[in-house]
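Only one structure is covered here, and it is reproduced in the block below.
Every number in this text was worked out from the coordinates using simple rules, so none of it is lab data. Everything numeric in this text was worked out from a predicted model, so none of it was measured. Neighbour counts are summed over all protein chains in view; Cβ atoms, including those assigned to glycine, are modelled from backbone coordinates with ideal geometry.
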């Protein structure tokens, strides 16, 4: 796909369409990888973003209990020493 380089202040940049942004789930930042003769643009995925806030909400709603026991009856801790 051919796209023009546009002037942005004293710099230049690329304009990506909403379709491309949505398709590749590009939000606010991308990772530019410089390879032999090419530039690869990769979306930055932040799966743990806002986890602290979500954990606080879970604790507030008492929804932060373990689903499984923390220790199993047949677990042998001696093998980890």
Give me 5, 26, 20 ranked fewest to most by other Cβ atoms within 10 Å of their Cβ, as a rough exposure proxy.
-> 5, 20, 26
Per q in 0.21, 0.23 1/Å, what log10 I(q)/I(0) does a Debye calculation on the alpha-carbon atoms of segment 5-68 return?
-> -0.98, -1.07
Where does the chain land at 222 nm, in deg cm²/dmol rounded to the nearest 500, when only DSSP H runs of n ≥ 4 count, each adding -39500 (n - 2.57), divided by all residues?
-> -5500 deg cm²/dmol
